[in-house]
1. Tell me, LEU247, LEU66, LEU209 in order of fewest to most beta-carbon neighbours within 10 Å?
2. Mind checking the alpha-carbon convex hull of the range 4-129 and giving the volume per residue in Å³?
3. Using 0.36 nm per residue, how much length does the chain from ASN173 to ALA204 gain when fully extended, once their Cα-Cα distance is taken away?
4. Based only on other Cβ atoms within 10 Å, what is the fewest-to-most ordering of VAL189, VAL121, VAL35?
5. Which order do TYR184, TYR46 fall in if you start with the one that has the fewest other Cβ atoms within 10 Å?
6. Taking the Cα-to-Cβ direction at THR69 and at GLN195 and moving 7 Å from each Cα, how far apart do the two end points lie in nm?
7. Report the gain in length on full extension from ASN36 to ARG244: 0.36 nm times residue separation, minus Cα-Cα distance, nm rounded to one decimal.
Amino acid sequence: MKTLATVVLGMTLSMGAWAQSTDPDHPSAWASLGVNGRGVGREVTYYYSVPSEAGTIQSHVQAQGLGGTAEMSIELFDSHRAWLGSASTSAETGATHRADVPLNVPARGNLLMAVHLNRSVGEYSVWLNRPAARAARPVTLPNPADHVNPDALNAAATGRTVPPSLPIDVWENSGGPGGPQDFYYPVVVGPGAFQVQVQSTAQAWSSSLNLSLEDDAGIAYRSAGVIATTAGQTENTTWNISERRNLRLHVHVSENTGSYRWRIQGPLEH
């Protein structure tokens, strides 16, 4: 099996166009529309963090030859940096060639993608058709010790709403390493605006922290998230809720997550 070390060994690392990352420990966040660029006249490898569900990724790589035979390839690694597969294409001077290759992803996670370009690559593109997120997931409620209000859980099971003992409009929580985890909290929200902040630090490579307001079928109503490296990352967003709704807050903590914290301020009961 290939390892990341064999990919990195011998590659010339430099800053490319649009400041794509050449450091596998700090990959660039993947853009939903893919990546377009131009070679820099020398061999280079760019790295991207690609969130994906389990399933088949349809990869598309395209390169133009410029002053020689262009050689371009991508390699995909799972969240533990085990090699998943690759796709490649080549093109003579003035020609443009494309390759479409399916890549199997056995488990949901943040993948690492390496994009290798040789000195003769002109214009190039990479885009991915990733597996769609599942519309619904089996719901497993955490233990009361995991910051859950037992009264709210009992109320959700019977369809009732139990108001909090005190008015609360700021809700904060934090955690640390513990592997991939999912927490679910019954909440009543709105109407009004919510200020949401998510902070996370990766133990290694990259990790993600995602918050979603979901209905009983697991369909996301509002969401916020952050992709973090070992240096840490903070994201802020606003949720606008037009009516009072009984939902649940789904907190997904990915593999490699170190310390994390989230904060919601707005009209809510939990």
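1. Ordered by Cβ neighbours within 10 Å, fewest first: LEU66, LEU247, LEU209.
2. Output value, Cα hull per residue: 88 Å³.
3. 8.9 nm
4. By the 10 Å Cβ count, ascending: VAL35, VAL189, VAL121.
5. Lowest count first: TYR184, TYR46.
6. Between THR69 and GLN195, the simple spin-label model gives 5.9 nm.
7. Result: 70.6 nm gained on full extension.
Laboratory data are not the source of any read-out in this text; all were calculated from the coordinates shown. Note that the coordinates shown come from a computational prediction; the quantities given were computed from them, not determined experimentally. In this analysis, Cβ positions are derived from the backbone assuming ideal geometry, glycine residues included, and neighbour counts consider all displayed protein chains.
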